[in-house]
1. Could you check region 91-126 and list, in sequence order, the residues that are among the β-branched types (Val, Ile, Thr) and outside any helix (DSSP H, G or I)?
2. Would you please name the residue that is farthest from the chain's Cα centre (by Cα), looking only at residues in region 159-185 that are part of a helix (DSSP H, G or I) and hydrophobic (A, V, I, L, M, F, W, C)?
3. Say whether the condition of being part of a helix (DSSP H, G or I), touching a residue at least 60 places away in the same chain (Cβ under 8 Å), over 30 Å from ALA418 (Cα atoms) and open to solvent by 30 Å² or more (accessible area, probe 1.4 Å) is met by at least one residue in region 338-360.
4. Select from region 155-194 the residues that are among the small types (Gly, Ala, Ser) and in contact (Cβ under 8 Å) with a residue 60 or more places away in the chain and write down the one among them that is farthest from ILE476 (Cα to Cα).
5. May I ask you to say which residue of LEU238, LEU173, LEU271 is open to solvent by less than 30 Å² (accessible area, probe 1.4 Å), of a type outside the set (D, E, K, R) and either under 30 Å from LEU419 (Cα atoms) or out of contact with any His (no Cβ under 9 Å at 6 or more places or on another chain) (or both)?
6. Does SER448 satisfy the criteria of being farther than 27 Å from THR143 by Cβ, of a type in the set (S, T, N, Q) and surrounded by fewer than 21 Cβ atoms within 10 Å (Cβ to Cβ)?
7. What are the residue pairs meeting all of these: first residue in region 418-430, first residue at negative phi and at pLDDT 90 or above, second residue in a loop (DSSP other than H, G, I, E, B) and open to solvent by less than 20 Å² (accessible area, probe 1.4 Å), Cβ atoms under 9 Å, and 6 or more apart or on different chains?
8. Does region 212-222 include one or more residues that are assigned to a loop (DSSP other than H, G, I, E, B), free of Cβ contacts under 8 Å to residues at least 40 places away in the same chain and either of a type in the set (Phe, Trp, Tyr) or out of contact with any Lys or Arg (no Cβ under 7 Å at 6 or more places or on another chain) (or both)?
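The values are calculated or read from the model by the stated rules, or taken from the named source; none is laboratory data. As the structure is a computational prediction, the values presented were derived from the model and not from experiment. With ideal geometry, Cβ positions are generated from the backbone for all residues, glycine too; neighbour counts draw on all protein chains shown. The accessibility values were calculated without ligands, DNA or RNA, using every heavy atom of the protein model including side chains. Shrake-Rupley method; radii C 1.70, N 1.55, O 1.52, S 1.80 Å.
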Amino acid sequence: MPASLLRTASASLLALSSPAEADNLREALVQAYTTNPTLEAARANQRATDEGVPIQRAPGLPSVDVTATHIEFIRQSANAFAPPERNLGVTTALLVPVYSGGAVRNGIAAAKERVEAGQADLRNTESTIFAQVVAAYMDVLRTEALAALAANNVAVLRTNLEATSDRFQIGDLTITDVAQSRSRLAVAEGDLQSAEANLIAARETYIRLVGSAPAALEAPPPLPGLPDTVGEAIVSALENNPNLEAAKLRAEAAGFDTKVAGAGRLPTVGLFVNGQYSDFFGTLVSNFPGLVQREVTANAGVRVTVPLFQGGLPAARQRQAGARESAALEDVIASERQIVAETRSTWSNWQAANAVIKSAQAAVEAAELSLEGVRAENSIGNRTIIEVLNAEQELVSARAQLVTARRNAYVAGFNLLALMGKAEARDLNLDIEGVLYDPTINADRVSSKMWDWDRDPEPQAKSTRTVDIPAPDATIGPQLLPGEK
């Protein structure tokens, strides 16, 4: 095997572990964190959830209404005492709620719980996007390495075919040996086309998630905080997993909803002040002097409403809310079950991938030694061409298994951290130049707003588009062999 091809194969094999001057995983995560549309949409939806608190608070605050009415009396009643021609009436009403059966208080409490649940959902979206970026990053590295291995295999088999043809010409080998070499080369060329297509697909996925084309990617850094045992992973997941936290908070919000529904059968108390201005514009005609053309009246009082019978509506609403609360409580258990199962499964996958790495490394070393020996024995006539081809294929398969196992181990390890609630921006040291998004800032900002005309800036998309990024190809840089696409 030529020395240049050996170097290319080594570069392919070490693509997941050797650093280079290139983009790194942290930069990819930062870019996704600041430009990914799925994450930006989740943040916007959370800001919408934040508005639930002032919406629920509004019915408990004073309200003021002004109503103006202008009337033209076209035809008067014959029995009218002092028929006017027109009238302007302005009525002002101030209502101050005093007691609403706990509906407002519990509604606010439920909204606050949903805000916190939404923040947990946002954490989950963040870690999910990061897990997808990590998988996409590792897939680019893996498919680049596999494409380089496939290109290297084509070059080796092409060299073998030339050598076999030369030996056939001098009568050292048969036409069968030539056919076997040609067949293996044709299969390898097909594998190379598939590898290149997979590489393009992996780069497209990277562009979709990160928002830029991958350059020569560096090997990822070691993952921090991985557990020593599956029990430790489960304990952390049950304490920190954002999905489980969101389910618990929604169950608490559903409990407050049940109390809100029950408030429909309780009395309500409110204070009111009304004022009215009336102007007949001098058209109030009467035989009695002293009638004024303008007047102002006012009244104030207490309004107590006691529901006596509503056709069973409050009871139905409370039963409905209670059923939804029961469903929310079951969702907590379902979420807990899923997290336990996923954590155990991901732990198993991570352990298995690490074991495969060790066995694949041993397989590569053995296959390299075996190929060297088979080639040497073939040169003296003790091995057939098909045995050489099989040894070469075994080496390619072992190297591909090693590359894939390294990818799988890293992705499984990161997914395990995500399940444990340790794969968010705050855990990955992404807080460069104040980049971290804090959802509590907006929640605090809007929670006490009461002005009807208070508006935010016009909505605008913040994420970056990828339509102008050139379509990726299957080029693998310095690993590409001369003469290959």
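1. Initial filter on region 91-126 (among the β-branched types (Val, Ile, Thr)): 91-92, 96, 98, 104, 108, 115, 125.
If the condition is that a residue be among the β-branched types (Val, Ile, Thr) and outside any helix (DSSP H, G or I), then THR91, THR92, VAL96, VAL98 are the ones that fit.
2. If we filter region 159-185 for residues that are part of a helix (DSSP H, G or I), which is where we start, we get 159-169, 175-185.
Right, trim to hydrophobic (A, V, I, L, M, F, W, C) and you get 161, 163, 168, 175, 178-179, 185.
Working: LEU161: 50, ALA163: 54, PHE168: 60, ILE175: 58, VAL178: 54, ALA179: 52, LEU185: 43 Å.
Once the filter is applied, the top-ranked residue is PHE168.
3. no
4. First, pick out the residues of region 155-194 that are among the small types (Gly, Ala, Ser): 155, 163, 165, 171, 179, 181, 183, 186, 188, 190, 194.
Then keep just the ones that are in contact (Cβ under 8 Å) with a residue 60 or more places away in the chain; that gives 155, 181.
On the way: ALA155: 15, SER181: 26 Å.
So, considering only residues that are among the small types (Gly, Ala, Ser) and in contact (Cβ under 8 Å) with a residue 60 or more places away in the chain, the one farthest from ILE476 (Cα to Cα) is SER181.
5. Working: LEU238 fails: open to solvent by less than 30 Å² (accessible area, probe 1.4 Å); LEU271 fails: open to solvent by less than 30 Å² (accessible area, probe 1.4 Å).
Of the residues listed, the single one that is open to solvent by less than 30 Å² (accessible area, probe 1.4 Å), of a type outside the set (D, E, K, R) and either under 30 Å from LEU419 (Cα atoms) or out of contact with any His (no Cβ under 9 Å at 6 or more places or on another chain) (or both) is LEU173.
6. yes
7. Going by the 9 Å Cβ cut-off, the qualifying pairs are ALA418/ASN241; ALA418/GLU424; LEU419/ASN241; MET420/PRO227; MET420/ASN241; GLU424/LEU430.
8. We begin by selecting, within region 212-222, every residue assigned to a loop (DSSP other than H, G, I, E, B); these are 212-216, 218-222.
The next check asks that each one be free of Cβ contacts under 8 Å to residues at least 40 places away in the same chain; those that pass are 222.
Applying the additional criterion that residues be either of a type in the set (Phe, Trp, Tyr) or out of contact with any Lys or Arg (no Cβ under 7 Å at 6 or more places or on another chain) (or both) yields 222.
Yes; the residues of region 212-222 include at least one that is assigned to a loop (DSSP other than H, G, I, E, B), free of Cβ contacts under 8 Å to residues at least 40 places away in the same chain and either of a type in the set (Phe, Trp, Tyr) or out of contact with any Lys or Arg (no Cβ under 7 Å at 6 or more places or on another chain) (or both).
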